[in-house]
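Quick note: the coordinates plus some simple rules give every number you see, no bench work behind them. Treat the numbers as computed from the prediction; the structure is a model and nothing was measured. Heads up, the Cβs are rebuilt from the backbone with ideal geometry, glycines too, and the neighbour counts pull from every protein chain shown.
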Amino acid sequence: MEGGDNGLIVRSATYLFEAMKACEHNTPNGQKPFTMRASYFEIYTEQVNDLLRLDNAPRDVKWSSRDGYYVDNLLLVDCDTLSDVISVLNEGSRNRKVGTTMLGSCPQNTPLPPLLWKLALTLHRGQSSSFFSC
């Protein structure tokens with residue numbers, strides 16, 4: 001997942017940055033009409049863990065009529081460039097749960113199943129936001 005990766009997440013972030021840049025040309029004084037923030041979390045054994053916080057205390061899933069379901073108190077990182085998004089990916093990947101499985105032939109760093117992780121990119125414009133997840 002290092003910088004040379006052109007997988008879905010990197011291509012999606014590249015597309016979003018290009019779209020944001022195109023919108024900048026249509027605003028007065030070159031103001032940024034959007035800001036991008038990234039969060040990265042995993043769901044393991046029915047617990048949601050923020051992969052960007054060292055305490056890694058389980059987070060609550062909540063509901064609001066405005067935002068729908070969301071994970072409470074996730075660390076949101078402002079991302080101005082694609083390199084910032086890749087840094088979030090790398091940091092979160094280092095904090096994922098890894099260990100051995102019951103199968104003796106598996107490598108030591110095999111992710112513990114069942115595991116789901118998610119990188120969320122949020123575009124903010126004033127008071128409204130759009131949510132994209134990979």
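Rank these for me by crowding, 82, 89, going from fewest to most other beta carbons within 10 Å. Walk me through the numbers on the way to the answer.
Details: 82 16, 89 23.
Arranged by neighbour count, lowest to highest, 82, 89 become 82, 89.
The label-point distance for residue 72 and residue 23, in a model that sets each label 7 Å from Cα toward Cβ, rounds to 2.9 nm.
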